[in-house]
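This report concerns only the one structure given below.
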Amino acid sequence: MSDQSLPRPAAARLPLLRLPSGWAVTLSLIALLVALPVLIVGSRVFLPSHGVWEHLAGTVLGTYLANTLTLALGTAGGVLVIGVGTAWLVTMCRFPGQRWLEWALLLPMAMPAYVMAYVYTDLLQFIGPVQTALRDLFGWTRHDYWFPNIRSLGGAVAVLSFVLYPYVYLLARAAFLEQSVCVLEVARTLGAGPWRSFARVALPLARPAIAAGLALSMMEVLADFGTMQYFAVDTFTTGIYRTWFALGEPVAAAQLASVLMLFVMALVVMERYSRGRARYFHSTGRYRALPSYRLRGLRGGLALLACLLPLALGFIIPLMVLTRMAVTEGDSLFGPSFMNLAGNSFTLAGITALLAVGLASLMAYGLRLQPTPWLKGAARVAAMGYAVPGSVIAVGILIPAARLDNALDGFMRAQFGLSTGLLLSGTVTALIYAYLVRFLAVSFNTVEASLGKIRPSLDQAARVLGRTPGGTLARVHMPIMKGSLLTAGLLVFVDVMKELPATMIVRPFNFDTLAVRVYTLASDERLGEASTAALIIVLVGIIPVVLLSRAITKSRPGSSSEPS
């Protein structure tokens with residue numbers, strides 16, 4: 001009798017256990033809280049804006065639309081070429097420096113786009129070191145040469161491409177690592193060389209992962225505020241901020257946010273559609289080291305240059321410029337005031353990371369116990385916040401918060417003659433809520449993947465020994481998942497440190513963070529002073545990037561036997 005005809009052992013899958021009502025209620029409540037800002041924004045679409053929307057539609061809406069589309073399409077081309085190309089080179093080829101480039105190519109993830117925009121403006125502007133050196137070298141004057149303007153739509157595309165390509169690189173490399181040796185060996189046997197194997201075999205197999213990485217990078221493009229504001233490129237995100245604060249029109253801002261959400265929804269649909277109905281499975285459970293192409297001489301040098309160029313432009317050069325500016329100029333408030341800013345950033349990031357990991361653990365374990373369609377849907381709704389730009393979330397939070405504050409204040413004045421003031425609007429609580437809505441998906445995906453690797457027999461053993469579902473999660477699973485929980489927390493921590501649009505809109509008065517400090521100083525063209533806070537944000541962001549790269553390298557079965 002073959003092994004396939006044998007019945008599976010009972011421990012091979014987790015039986016559906018009846019959840020205490022509290023678990024289902026908790027998951028549903030989390031989903032509702034995450035979806036609330038988006039629902040609020042959507043509900044404002046048909047409210048009267050007293051002519052403001054008509055004014056926006058007749059003046060700037062076309063510009064917002066054209067710039068946003070151009071920015072998205074240009075950046076998509078850049079991240080695809082850089083991300084997929086470098087992922088294939090470091091995964092399937094052997095050349096000098098390939099080993100350390102595997103993790104180093106992820107380092108631009110630690111560089112916020114708005115920080116990179118400030119750095120290259122200082123580097124490439126008329127009085128910057130590059131143009132000054134050219135004038136000194138060739139004796140040129142201002143009108144003797146042409147130099148591209150970095151503070152333009154094209155400059156924004158270049159900056160975002162070099163910052164966001166790691167999203168595509170990350171998922172494309174993971175997909176290449178997981179590909180079956182059998183398929184690649186068949187391609188070689190049939191006479192396919194490296195480039196033909198890449199185009200006809202590896203690339204189609206990795207298409208779902210590449211589409212997911214591209215969708216993530218495009219969501220970041222749509223959500224970007226700092227780069228667009230500094231480069232004076234009018235997009236929906238800058239328009240939302242301007243309409244809310246400069247025009248004082250929350251309804252029109254919500255209507256702009258609704259249009260932006262249509263872009264996000266289109267991205268999600270396109271990502272799903274690009275996968276089609278194709279399904280790819282490994283033909284064997286045996287994993288061996290992936291076949292590699294040894295590149296020597298000129299080919300090896302070109303491969304090294306192709307990988308070094310995006311790394312240098314996306315991380316090494318900006319880091320060197322930031323370090324130079326921080327040492328030679330630096331923040332004039334460096335001292336107790338600067339420590340307060342850093343304390344605000346670290347406190348917000350730490351609290352949000354802890355809450356996000358805790359909520360993600362509850363959601364993931366609830367799905368593990370009873371993966372009903374309702375709970376699956378609730379978990380997906382709770383994890384959709386990452387696809388929503390921070391400016392949209394901020395608008396969706398401030399509108400109901402302001403109404404609640406006004407209603408409560410009116411009630412207290414009428415009944416007791418007391419004014420409660422602002423209890424929700426512009427508070428740290430509202431800001432942390434915005435962060436959780438935005439980044440809960442980051443922690444949930446990490447925790448869910450880790451929990452899925454734990455054998456179901458451990459749940460059964462814990463229940464037999466009298467553990468409740470909550471006790472099993474706390475005493476059995478969370479210690480096993482300690483590394484993944486730490487990784488999830490670090491990812492959320494760094495994302496909160498870098499988040500700018502939600503912080504700018506929701507933060508309390510006179511409450512600044514390192515990201516706000518960087519933006520404020522850079523907006524005043526005080527780039528040297530902004531470098532100190534920017535450098536701290538970048539250095540903090542390096543830690544999870546390195547951990548993430550190490551986890552990917554170890555993710556493929558049989559990787560330990562890979563030749564060095």
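Within the stretch 402-422, the set of residues being loosely packed, with under 12 Cβ neighbours inside 10 Å, under 42 Å from the mean Cα position of the chain (by Cα) and not in a helix (DSSP H, G or I) comprises 419, 421.
When residue 556 is tested against (1) modelled with pLDDT under 80; (2) open to solvent by 40 Å² or more (accessible area, probe 1.4 Å), exactly one condition is not met: (2).
Here's the yes/no breakdown for (1) on the phi < 0 side of the Ramachandran plot; (2) at pLDDT 65 or above; (3) not in a helix (DSSP H, G or I):
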{"position": "164", "(1), (2), (3)": "yes, yes, no"}
{"position": "168", "(1), (2), (3)": "yes, yes, no"}
{"position": "185", "(1), (2), (3)": "yes, no, no"}
{"position": "188", "(1), (2), (3)": "yes, no, no"}
{"position": "191", "(1), (2), (3)": "no, no, yes"}
{"position": "209", "(1), (2), (3)": "yes, yes, no"}
{"position": "216", "(1), (2), (3)": "yes, yes, no"}
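Restricting the stretch 1-57 to residues that are modelled with pLDDT of 70 or more and either part of a loop (DSSP other than H, G, I, E, B) or at positive phi (or both) leaves a set whose member that is most open to solvent (accessible area, probe 1.4 Å) is 46. Just wondering, is there one or more residues in the stretch 260-278 that are modelled with pLDDT of 85 or more, open to solvent by 20 Å² or more (accessible area, probe 1.4 Å) and basic (Lys, Arg)? So far as the stretch 260-278 goes, no, none of its residues is modelled with pLDDT of 85 or more, open to solvent by 20 Å² or more (accessible area, probe 1.4 Å) and basic (Lys, Arg). Where helices (runs of 4 or more DSSP H) fall entirely within the stretch 79-138, those with at least 1 residues that are of a type in the set (Ser, Thr, Tyr) and open to solvent by 10 Å² or more (accessible area, probe 1.4 Å) are at 113-124, 129-138. When the test is whether a residue is open to solvent by less than 40 Å² (accessible area, probe 1.4 Å) and out of contact with any strand residue (DSSP E or B) (no Cβ under 9 Å at 6 or more places or on another chain), residue 391 passes it. Filtered by the rule that a residue be assigned to a loop (DSSP other than H, G, I, E, B) and small (Gly, Ala, Ser), the stretch 222-258 gives 232, 246, 248.
Residues to consider are 320, 339; find the one that is exposed (fewer than 14 other Cβ atoms within 10 Å of the Cβ) and closer than 22 Å to residue 109 by Cα.
320
Residues that are within 21 Å of residue 244 (Cβ to Cβ), in a helix (DSSP H, G or I) and open to solvent by 40 Å² or more (accessible area, probe 1.4 Å) within the stretch 497-545 comprise 520, 523, listed in sequence order.
The values are calculated or read from the model by the stated rules, or taken from the named source; none is laboratory data. Because the structure is predicted, anything quoted here is derived from the model rather than measured. As a convention, Cβ positions derive from the backbone with ideal geometry for all residues, glycine included, and neighbour counts pool all protein chains shown. Note: accessible area is taken over every heavy atom of the protein model, side chains too, but ligands, DNA and RNA are not part of it. Shrake-Rupley method; radii C 1.70, N 1.55, O 1.52, S 1.80 Å.
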